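Notes follow once the structure below has been shown.
The values are calculated or read from the model by the stated rules, or taken from the named source; none is laboratory data. No experiment lies behind these values; they were computed from the predicted model shown. Reconstructed Cβ throughout: ideal geometry from the backbone, glycine too, with neighbour counts over all protein chains shown. Note: areas computed on protein heavy atoms with side chains; ligands, DNA, RNA excluded. Shrake-Rupley method; radii C 1.70, N 1.55, O 1.52, S 1.80 Å.
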Amino acid sequence: MHPRNTLQPSLLLMLCLLLALPACRRQPPPLPILGSVQLDFALQDQDGQTVTPATFQDSIYVTDFFFTTCPTICPIMKSQMVRVYEAFRNQPRVLLLSHTIDPEHDTVSVLQSYAQGLEIDASRWHLVTGPKRAIYGLAKHYMLGVVESPQAPGGYLHSGSFCLIDRHRRIRGYYDGTDGAEVDRLIADIRRLLEEP
């Protein structure tokens with residue numbers, strides 16, 4: 001037999017094995033369900049539009065808490081949230097929701113100026129203000145810490161976490177909003193949620 005003919009079955013077998021390898025890889029388990037968001041709210045965004053749970057119907061969204069005069073972690077968090085915004089700029093099923101924890105200062109007009117500095121579209125990323133009691137109640141509902149503290153820089157202590165919510169209003173993950181690697185993981189997890197039925 002010609003040597004070339006003896007190689008063909010081996011090559012064919014190797015090709016079949018290579019094609020079968022992706023099917024053998026383990027799929028990662030689904031993201032955990034850590035809670036659900038059942039609290040109703042009505043807040044105002046940077047364009048003066050009312051934002052309610054209906055705003056996020058059938059959408060995946062990422063939420064956090066901040067204040068515009070924050071001298072510590074908020075600027076880092078916002079630069080990382082801009083990365084998420086840019087990654088899903090053309091994906092209408094992904095929205096962002098940032099609550100101010102200093103609503104007395106962070107009025108609609110202040111949030112509008114802040115949003116202009118970030119160069120963001122209010123239809124995709126809502127910076128919201130409203131009654132302090134409602135905002136702090138939402139933070140507790142998302143299991144994110146927020147507290148006024150005269151000793152803290154800027155007068156507030158708050159979580160630096162981003163919280164990922166699926167289209168069924170379930171909490172699917174928490175991510176350190178000051179850590180680029182954690183935000184990379186968030187972006188990857190949003191892509192996983194987009195593939196969920």
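Within the range 155-171, is there a residue that is surrounded by 13 or more Cβ atoms within 10 Å (Cβ to Cβ), at pLDDT 95 or above, out of contact with any helix residue (DSSP H, G or I) (no Cβ under 7 Å at 6 or more places or on another chain) and among the aromatic types (Phe, Trp, Tyr)?
Taking every residue of the range 155-171 in turn, none turns out to be surrounded by 13 or more Cβ atoms within 10 Å (Cβ to Cβ), at pLDDT 95 or above, out of contact with any helix residue (DSSP H, G or I) (no Cβ under 7 Å at 6 or more places or on another chain) and among the aromatic types (Phe, Trp, Tyr).
Condition first: free of Cβ contacts under 8 Å to residues at least 60 places away in the same chain, surrounded by fewer than 15 Cβ atoms within 10 Å (Cβ to Cβ) and within 22 Å of GLY117 (Cβ to Cβ). Now tell me which residues in the range 39-85 satisfy that.
PRO75, SER79
Being under 17 Å from the mean Cα position of the chain (by Cα) and surrounded by fewer than 16 Cβ atoms within 10 Å (Cβ to Cβ): is that true of SER109 here?
So SER109 does not fit the description; no.
Quick check on my filter: what residues within the range 70-102 are in contact with a helix residue (DSSP H, G or I) (Cβ under 6 Å, 6 or more places away or on another chain), at pLDDT 95 or above and among the polar types (S, T, N, Q)?
Within the range 70-102, just GLN80 meets the criteria.
Determine whether the range 173-183 contains at least one residue that is open to solvent by less than 30 Å² (accessible area, probe 1.4 Å) and within 17 Å of HIS99 (Cβ to Cβ).
Looking for residues that are open to solvent by less than 30 Å² (accessible area, probe 1.4 Å) and within 17 Å of HIS99 (Cβ to Cβ), one finds at least one in the range 173-183, hence yes.
Suppose the filter is closer than 25 Å to ASP47 by Cα and open to solvent by less than 10 Å² (accessible area, probe 1.4 Å); does ILE135 pass it?
yes
Let's see how each residue does on (1) assigned to a helix (DSSP H, G or I); (2) in contact with a Phe, Trp or Tyr (Cβ under 9 Å, 6 or more places away or on another chain):
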residue	(1), (2)
CYS163	no, yes
HIS168	no, no
TYR174	no, yes
VAL183	yes, yes
ILE187	yes, yes
ILE190	yes, yes
LEU193	yes, no
PRO197	no, no
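Does GLU148 count as over 18 Å from VAL183 (Cβ atoms) and either β-branched (Val, Ile, Thr) or open to solvent by 70 Å² or more (accessible area, probe 1.4 Å) (or both)?
So GLU148 passes the test.
Given the structure, is PHE88 among the aromatic types (Phe, Trp, Tyr) and open to solvent by less than 10 Å² (accessible area, probe 1.4 Å)?
Judged against the criteria, PHE88 is not a match.
Any idea which residue in the range 113-133 is farthest from the chain's Cα centre (by Cα), counting only those that are closer than 10 Å to THR68 by Cβ and without any contact (Cβ under 8 Å) to a residue 60 or more places away in the chain?
By that ranking, first place goes to SER113.
I need a count of the residues in the range 76-111 that are over 11 Å from GLN44 (Cα atoms), of a type in the set (A, V, I, L, M) and in a helix (DSSP H, G or I).
Matching residues across the range 76-111 total 7.
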